[in-house]
Amino acid sequence: MLSGGKMQFFKLTSWNIEWADRLVTAMAADPVAAAPRLDAIAEEIRLLDPDVLLVGEGPKGEARASSFFARVAPGYRLLLRGDDAAYAIRGDQWLWFLLRDVPALTGQLGHVDRWRTLTESASEGDHRAGRWEVSYPVFDTGLNKLHFEVPKRHEHYRHPQVLQLQIAGANCEIIGCHLKSKINKVRPKGDPYAADFFDTQPALVADVVQSRIKLTTECTDIRHYIEARFAEDPQAPIVVCGDLNDGPGKERIERRFLYHDLVSSLQGDVFFAQRFLNHALFDFPQSARWSYDLGRDKLDPRREAKILLDHIMFTQSMTGHEGGFAYRARRNGGLVEHDVHHRVAAGRPRSAQTSDHKPVSMVFERRP
């Protein structure tokens, strides 16, 4: 909202638009058939009315993204690098930032080389050139044996994108993420609650633990970037948002094999408060604090199907304490956009639904 030439607040929304790249292909092949879902996505963005929009599972490459967002997000500027290779993203699910097209909002994307310089420094060289060593279990079918591969290497499949945002003269960073999925490639067999369920399925154990270890190392790489930024600027205003493919709390696999959760690992140590990440949904009603309906979990059918995968977190300089960034998190300003998502979905058939993820938003208001 503009008042006296200044933005009194800005709204950040993170939304994973399910397989948008396939919709771009459909736009070219059969525009009439693709139109209903495109119209629905356009309406949802209009009703969300964000100032800054992070899109996950976006189209692959600048050309396809530009045609897609011109159709579904009029009135927004898509931030581009000018070179598809500069995003360091593989596959068909890309990350994109859009800004409301007003003079008070400008921004540019940070170079991936800068990310890698900072993570290498903060990790004391363990993370180098965007890769790092990691060990995880592997099942050898020939030997019928579970063993550890030491070491393997991992890297971001969808490299985080950093938005250097300027809001009416104030500067902050927004790190957009879409981390590795925990989806199982090995199909579980039998009663998941049987005493010997994991003992008799070593290939499944290797699969679920390996994916979670890789996911956690991606989270650690992001944390290295944040720690390096704090070494430069102890009051750095930083937001981390996107589909982290995990949520707060320890699920059955974490309780059995890892005993940590991703969000806590990313947030940091509360005893070093300036570097701690506050969660946008901290004061949002518990029962509505979910963004994805998993359905029946074959590894843990008794667990709650509605889970929180999509997050917005921010550093202490963006909270209500004195000083810090020019904008602070509004009290009760974080929400999962259930109402908007439902309004768009209610009158449409399944083929025209926008996404399997609910958008998540946070409002930051100018300090008095």
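Other residues lying with their Cβ under 11 Å from the Cβ of residue 43 contribute a combined charge of +2, Lys and Arg counting +1, Asp and Glu -1.
Across the stretch 129-143, coupling constants 3J(HN,Hα) worked out from phi with the 6.51/-1.76/1.60 Karplus curve, θ = phi - 60°, read 6, x, 10, 7, 7, 8, 10, 7, x, 10, 9, 8, 5, x, 8 Hz, and Gly and Pro carry x.
Count Lys and Arg as plus one, Asp and Glu as minus one, and take only other residues whose Cβ is under 14 Å from that of residue 31; the net charge is then 0. Rounded, prolate or oblate: which fits the stretch 263-353 when a ≥ b ≥ c are the square roots of the eigenvalues of the alpha-carbon gyration tensor, with rounded for a/c under 1.5 and prolate only if a/b beats b/c? Oblate shape, in that a/c is at least 1.5 and b/c is the bigger or equal ratio. Highest mean packing first, where packing is the average number of other Cβ atoms within 10 Å per residue, the peptides 280-289, 130-139 line up as 130-139, 280-289. For the stretch 2-366, relative contact order (Cα pairs under 8 Å, six or more residues apart, normalised by length) works out to 19 percent.
Once C-alpha pairs closer than 8 Å and six or more residues apart are averaged by separation and normalised to the residue number of the stretch 1-158, the relative contact order reads 19 percent. The magnitude of the dipole of the chain, with charges of +1 and -1 set on the Cβ of Lys/Arg and Asp/Glu and taken from the Cα centre, is near 440 debye. For the stretch 73-87, backbone phi angles converted through the Karplus equation (6.51, -1.76, 1.60; θ = phi - 60°) give residue-by-residue couplings of 9, x, x, 10, 9, 8, 7, 10, 9, x, 7, 4, 5, 6, 7 Hz, Gly and Pro being listed as x. Using a Gaussian network model of the chain in which every pair of alpha carbons under 10 angstrom is joined by a spring, one finds that among 88, 273, 236 the greatest mean-square fluctuation is at 273.
Determine the calculated [θ] at 222 nm for the chain from helices alone, applying -39500 (n - 2.57) to every DSSP H run no shorter than 4 residues and normalising by the residue count; nearest 500 deg cm²/dmol.
Values: 7 runs with 96 residues, N = 368.
Taken over the chain, the calculation gives -8500 deg cm²/dmol.
Please label the shape of the stretch 30-188 as rounded, prolate or oblate, based on the square roots a ≥ b ≥ c of the eigenvalues of the alpha-carbon gyration tensor (a/c under 1.5 means rounded; beyond that, a/b larger than b/c means prolate, else oblate). Verdict is oblate for the stretch 30-188. For the pair the stretch 258-327 / the stretch 209-228, the C-alpha centres are spaced 16 Å from each other.
When peptides 80-87, 53-60, 66-73 are ranked by their average number of other Cβ atoms within 10 Å per residue, the highest-first order is 53-60, 66-73, 80-87. With θ taken as phi - 60° and the Karplus curve 6.51 cos²θ - 1.76 cosθ + 1.60 applied, the whole-hertz 3J(HN,Hα) list for the stretch 88-103 is 6, 10, 9, x, 10, 10, 10, 9, 9, 10, 10, 10, 4, 7, 10, x Hz, x standing for glycine and proline.
Among the GluC sites (Glu not before Pro) in the stretch 259-368, which ones are in a DSSP loop with at most 13 other Cβ atoms within 10 Å of the Cβ? Mind listing them? Can you show the working numbers first?
On the way: sites: 304, 322, 337, 365; in loops: 304, 322, 337.
Those that pass, being in a loop and sparsely packed, are 304, 322.
With a 10 Å radius around each residue's Cβ, average the other Cβ atoms per peptide and rank 351-364, 93-106, highest first.
On the way: 351-364: 21.8, 93-106: 19.1.
Going from most to least packed, we get 351-364, 93-106.
Between residue 152 and 134, 135, 136, the built amide H atoms are under 5 Å apart, and every one of these is 5 or more places off in sequence or on another chain. GNM remark for the chain: springs join alpha carbons under 10 Å apart, and the peak mean-square fluctuation among 91, 142, 334 falls on 142.
Note on the chain: lysine pairs with Cα distance below 15 Å, sequence gap of 8 or more or different chains, count 11.
Rounded, prolate or oblate: pick one for the stretch 149-204, where a ≥ b ≥ c are the square roots of the eigenvalues of its C-alpha gyration tensor, a/c under 1.5 means rounded, and failing that, prolate if a/b is larger than b/c, else oblate. Prolate is the answer for the stretch 149-204, as a/c is 1.5 or above and a/b outweighs b/c. Between residue 302 and residue 193, the simple spin-label model (points 7 angstrom out along Cα→Cβ) gives 0.4 nm. Considering only the chain, what is the antiparallel percent among its DSSP beta bridges, to the nearest 5? Approximately 85 percent, going by the DSSP bridge assignments.
In this structure, residue 144 and residue 269 have a Cβ-Cβ separation that, at R0 = 45 Å, corresponds to a calculated FRET efficiency of about 0.60. Among residues other than residue 247 with Cβ under 12 Å from its Cβ, the summed charge is -2 (Lys and Arg +1, Asp and Glu -1). So what does the Cα-only Debye profile of the stretch 2-366 read at q = 0.08 Å⁻¹, as log10 I(q)/I(0), no solvent term? Debye intensities relative to I(0), on a log10 scale: -0.41. Note on the chain: with a GNM built from Cα contacts shorter than 10 Å, the maximum mean-square fluctuation among 173, 251, 149 falls on 149.
No value in this document is a laboratory result; all are computed from the given coordinates. Remember, predicted model here, so these are calculated numbers, not experimental data. Every residue, glycine as well, gets a Cβ built from its backbone with ideal geometry; the counts of neighbours run over all protein chains shown.
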